[in-house]
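The values are calculated or read from the model by the stated rules, or taken from the named source; none is laboratory data. Because the structure is a prediction, the values reported are computed rather than measured. Cβ atoms come from the backbone with ideal geometry, glycine included; neighbour counts cover every protein chain shown. Just so you know, the surface numbers come from the protein's heavy atoms only, side chains and all, with ligands and any DNA or RNA stripped out. Shrake-Rupley method; radii C 1.70, N 1.55, O 1.52, S 1.80 Å.
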Amino acid sequence: MTAANWIPASRLDDAAYRRRRWAWAFYDWANSAFATTILAAVLPTYYSDVASVGIAPTVEASRGIATGYWSLTLSIGLLIVAALSPILGAVADIQRGKKRMLAISAGAGIVGTGLLVLVGTGDWLLASLFFILGRIGFGAANIFYDALLPHVARAEDVDSLSSFGYALGYAGGGLLLFLNVLMIRFLPGAPDYWGVRLSFLSVAIWWAIFTVPVLRAIPEPPAADLGDARQNPITASFGRLRKTFRDIRSYTELLKFLVAFWIYNDGIGTIIGVAAIYGAALGIGSVEIVGALLMVQFVGVPFAIVFGRIPRPDETRRAFYLAFLIWNAVTIPLLSFAALRVLPPEVTGAPFPPYEATDAAVGAGVYQSDDAAIVLAGEWRAETVNNAGHIVTDDPSAAAAITFNGHGVRITRALGPDYGIAALELDGEAIAVLDNISPAVQQADPYTVEALAPDAEGEPALDVGEHTLVIRNTGERNPDSTGTRLAIDLIEVMAPPRAYDLIPVVIVIVANEVIGLALSWFVLQRFLTGWAAGMTTKRGILLALVIYTVISVWGYMIDSVLEFWLLAFLVATVQGGSQALSRSLYASMSPAAKSGEFFGFFSVSEKFAGIIGPIIFAAVIAATAAATGIPSPRPAVLSIVVLFIVGGFLLVRVDVEKGRRIAQEEDARLETAL
């Protein structure tokens, strides 16, 4: 279909208008699979736990460094999209090709996503490259998808359609994430992790299939008359961009909003991008992280719709919706604090006290190769291997032993072409043989040893107590090895594993929501009627930023599965709504005939927000590591608060009505020129 087939939304009958609405919103259903499984839930934890294995001596250090690498990967992808966005938007308007550019961009993202199936253990660089390609396609396609919004929606429906798209996206992304969780649960895990890798491929397939409706059911909308159609579109786009920059003073309120959006969306984008890997860095398991993010998808559906209805003057339940949002913002953090003081760690998933040293054994901690806790027998020497200090032996009778109080250890050792075979003994019993050959000298993945004993039902369970681990050089070697060397970097006595019970978490959440709904309906809305009557799109965004500020401060303090789940629930109440209202507010202040170009600039702001936030996040982690020796992401989460405060302050100064009037006048001028 071409622009000649275009009928404005205001002139469509209700049935045709509903078809366009659904076709447009269904692309949110399609691409949200990338946002959930790839961007938010599965890939970040896979990147931290599998793709980044071996980049640091200990698991905790690897996770901290992986968080920084992931943040930089996010920034690189977004930087490329930001550089291309205004050009792509202008080209789409000049050639009247928003749908074609949407198809090309989505295709690139689908290919990059599908290639993630090739990423295995230690392939962090490959994961970064394929993710960047997928992220470029995802971000570029959204420029043209968002640019269709002012053409598809009637003027009074922009807020509600934008919110409906986000709600449908939450449902679609959540449904596929649920299926991906089942794949990860029932398909093979280590060492090849086919369950996770095939889930990446399923995202590409899902994205491709559900992109079809928007391409088939919506005609190509008209654009402004931009001069000679025979002119080179790239040259014309740069000329148009120069003109837009010259004329930007005509859109002062839109420009002010873009600056505010750039800053506050910096915080929102960072929270979305690093949530999963932040949880992994805190020691929360991947199952719990993915489960929490899956909950966000489904909880986000009704709350995205609620946010879209609050600014509507004809909505009779505005006060009720507003009361319910405020109820959640206040009670969920308080519930978390109370639950941690009432419920035991085995229910909340809070860390247990570390194993303490005894007279005969060391406690939880990291013991370097030169530590007195590691008792050596035979001939050993100190040597730097792969830029790290090791104890090294060629003595076939050499052994290293450590007596520890706990349930298990992780051994970090080196591999190489002249390395031999080591034997592991736990409490005098042989438990494993390690072949240390490798074509090149490198750090091996940490090897985990756990002490097990039958529980009351005869099932294997962790045996907490004093144990002695012995690492012996057997003097034997792989036929392809040229020696029998053994090199040990460190031995880590693991902390107690977290335990949790999700049933109390679910009970707490459901009870709070039931009570909140009842109180909001019967009591609280009566006190908020006046405030609700004055709620506009801008004020809805400001409310979301206040809640995000609470989320950032609380996120700095969390250290349990219960807190992570409750925090995720609170994020779900504002994530979709804040983004949907931002998109619709921008659309209402943009000339519809120049939507491609203007949403290109919108995308630039959005992407630069995504660039700066992760860079700040990574920089704060690096600064923390330099100051304390531990790459902790907690201060980085707290730093996000500044972005919400500054962005909100600037948003208050935007005159929305003036911005809308300027856009309407420009549309009228362009329509007359046509």
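Among the numbered criteria (1) open to solvent by less than 10 Å² (accessible area, probe 1.4 Å); (2) modelled with pLDDT under 80; (3) among the hydroxyl-bearing types (Ser, Thr, Tyr), which one does THR58 miss?
(1)
Report whether or not LEU545 is open to solvent by 10 Å² or more (accessible area, probe 1.4 Å) and in contact with a helix residue (DSSP H, G or I) (Cβ under 9 Å, 6 or more places away or on another chain).
So LEU545 fails the test.
Which of the residues that make up the stretch 364-375 are at pLDDT 95 or above and exposed (fewer than 15 other Cβ atoms within 10 Å of the Cβ)?
If the condition is that a residue be at pLDDT 95 or above and exposed (fewer than 15 other Cβ atoms within 10 Å of the Cβ), then VAL375 is the only one that fits.
Among (1) of a type in the set (Gly, Ala, Ser); (2) at pLDDT 75 or above; (3) open to solvent by 40 Å² or more (accessible area, probe 1.4 Å), where does ALA4 come up short?
Looking at each condition in turn, ALA4 falls short on (2).
Answer yes if at least one residue in the stretch 428-436 is of a type in the set (S, T, N, Q), surrounded by fewer than 15 Cβ atoms within 10 Å (Cβ to Cβ) and touching a Gly at 6+ places or on another chain (Cβ under 8 Å), and no otherwise.
Scanning the stretch 428-436, I find no residue that is of a type in the set (S, T, N, Q), surrounded by fewer than 15 Cβ atoms within 10 Å (Cβ to Cβ) and touching a Gly at 6+ places or on another chain (Cβ under 8 Å), so the answer is no.
Would you call THR412 closer than 30 Å to PHE522 by Cα, open to solvent by less than 70 Å² (accessible area, probe 1.4 Å) and among the hydroxyl-bearing types (Ser, Thr, Tyr)?
Here the answer is no, as THR412 does not meet what is asked.
PHE200 is checked against (1) without any contact (Cβ under 8 Å) to a residue 60 or more places away in the chain; (2) in contact with a helix residue (DSSP H, G or I) (Cβ under 8 Å, 6 or more places away or on another chain); (3) among the hydrophobic types (A, V, I, L, M, F, W, C) and fails just one. What number does that condition carry?
(1)
Of ARG135, ARG154, which residue is open to solvent by 10 Å² or more (accessible area, probe 1.4 Å), touching a residue at least 60 places away in the same chain (Cβ under 8 Å) and farther than 18 Å from SER199 by Cα?
ARG154
Can you name every residue in the stretch 448-457 that is in a strand (DSSP E or B) and either more than 30 Å from GLU383 (Cβ to Cβ) or at pLDDT below 90 (or both)?
If the condition is that a residue be in a strand (DSSP E or B) and either more than 30 Å from GLU383 (Cβ to Cβ) or at pLDDT below 90 (or both), then LEU452, ALA453, PRO454 are the ones that fit.
Is there a residue in the stretch 395-405 that is among the aromatic types (Phe, Trp, Tyr), modelled with pLDDT under 95 and over 30 Å from SER481 (Cα atoms)?
No, the stretch 395-405 has no match at all.
Considering only the stretch 510-561, state which residues are closer than 25 Å to ALA276 by Cα, in a helix (DSSP H, G or I) and among the aliphatic types (A, V, I, L, M).
VAL510, ILE541, LEU543, ALA544, LEU545, VAL546, ILE547, VAL550, ILE551, VAL553, MET557, VAL561
Taking the options ILE411, ILE431, name whichever one is under 23 Å from ALA382 (Cα atoms) and of a type in the set (A, V, I, L, M).
Of the residues listed, the single one that is under 23 Å from ALA382 (Cα atoms) and of a type in the set (A, V, I, L, M) is ILE411.
Hey, could you check the stretch 312-363 for residues that are in contact with a strand residue (DSSP E or B) (Cβ under 7 Å, 6 or more places away or on another chain), of a type in the set (Ser, Thr, Tyr) and assigned to a loop (DSSP other than H, G, I, E, B) and say which is least open to solvent (accessible area, probe 1.4 Å)?
This residue is TYR355.
Of everything in the stretch 374-394, what is without any contact (Cβ under 8 Å) to a residue 60 or more places away in the chain and either farther than 12 Å from ARG485 by Cα or assigned to a loop (DSSP other than H, G, I, E, B) (or both)? Give them in sequence order.
Within the stretch 374-394, VAL375, LEU376, ALA377, GLU379, TRP380, ALA382, THR384, ASN386, ASN387 meet the criteria.
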